[in-house]
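Let me begin by presenting the structure, written as structure tokens, before commenting on it.
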């Protein structure tokens, strides 16, 4: 190698960064002790910001574009270097490229269950998870507050701290909302927007903006979900007595359609069917001393009063409230099994409450 080639090989002509990763937020330009010469080209692509650092002090910042490095576009560095009349010799400086694109699908979730007091279930534990999107909006602040002197900085190195901020704000929000656990699924969008607004200032302290927060799931403990599944199954079966009668009738029908008289299983089915049929036509039960089942639980409703949840009230109490003018067909009510709050006049179980009220008196004649 000639002397001239050796000398020119120590100088940097083009400063740029092409990112082939999905998670690199900051990259320090590698120069291997080479010096940046006067007139070198700086190429800053879209979704990038370049920051020059001189001996640990942040100097000039460059937005997307192509620059020929000279004294006029390095005013802070010129001051730090003491270039009063421009520079003619190469210089050394660290150049950091900050990625300003949106970094999506960053996960957040509750490491431990959140303890809450629910109006319906009492003390319960909830878990939740989702995702959020961030981008760097203040490159010098992000470099100073978060990155430091790292040559390469990825999302993994900052998401733990940001995730903790999201979880903390989320815990505060659901604790203050007083929304019943079974109604939270209808408020995911509201939770997401409110969390984004609440953590905005926390993220700005690092030079980062949170552009989107998503609440993807809020779940109860497995044992509570199992109990809810059982209760839902009983609701689907409805009247158990009618269900058993239907099963017995099916067994009789299957026996009649079998020309060979059926197998043992069908014979058992016939026995069940005959017993049920006897019950349907007024026959006596085999066991006369059988204890009758307990009465079904009374239907109760919660009532919205001035934006607050009250109750629960049974049908007799609602009728008294109706007579006192504290309840009408436009009042919003909710009971277990309902999808959401509904006007009382549209709930079939409450039709008897309103039908007991006399119609308004006719106007006086003459």
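A short reminder: the numbers here are calculations on the coordinates, not readings from a lab. Note that the structure is a prediction, hence the values are computed from the model and not measured. No Cβ is skipped: glycine too gets one built from the backbone with ideal geometry, and neighbour counts run over all protein chains shown.
For region 300-355, calculate the relative contact order in percent as a whole number, restricting contacts to Cα pairs under 8 Å that are 6 or more residues apart. Let's see the in-between values first.
Values: 70 pairs, mean separation 17.6, N = 56.
Taking the mean separation of contacting Cα pairs over the length of region 300-355, I get 31 percent.
Which of the three applies to region 3-98, rounded, prolate or oblate, going by the alpha-carbon gyration tensor with a ≥ b ≥ c and a/c under 1.5 meaning rounded? Oblate, since a/c reaches 1.5 and b/c is not below a/b.
If I take R0 = 56 Å and measure r between the Cβ atoms of residue 330 and residue 150 in this structure, what FRET efficiency does the formula 1/(1 + (r/R0)^6) give, to the nearest 0.05?
Details: r = 62 Å, r/R0 = 1.11.
Step by step, r from the Cβ atoms, then E = 0.35.
When N is the residue count of region 300-355, what does its C-alpha Rg come to as a fraction of 2.2 N^0.38 Å?
On the way: Rg = 10.0 Å, N = 56, 2.2 N^0.38 = 10.2 Å.
Computed over Cα atoms of region 300-355, the ratio equals 0.98.
Subtracting the Cα-Cα distance from 0.36 nm times the residue separation, let me have the gained length for residue 102 to residue 339 in nm, one decimal.
Numbers: separation 237, 0.36 × 237 = 85.32 nm, distance 3.69 nm.
In short, 81.6 nm is gained.
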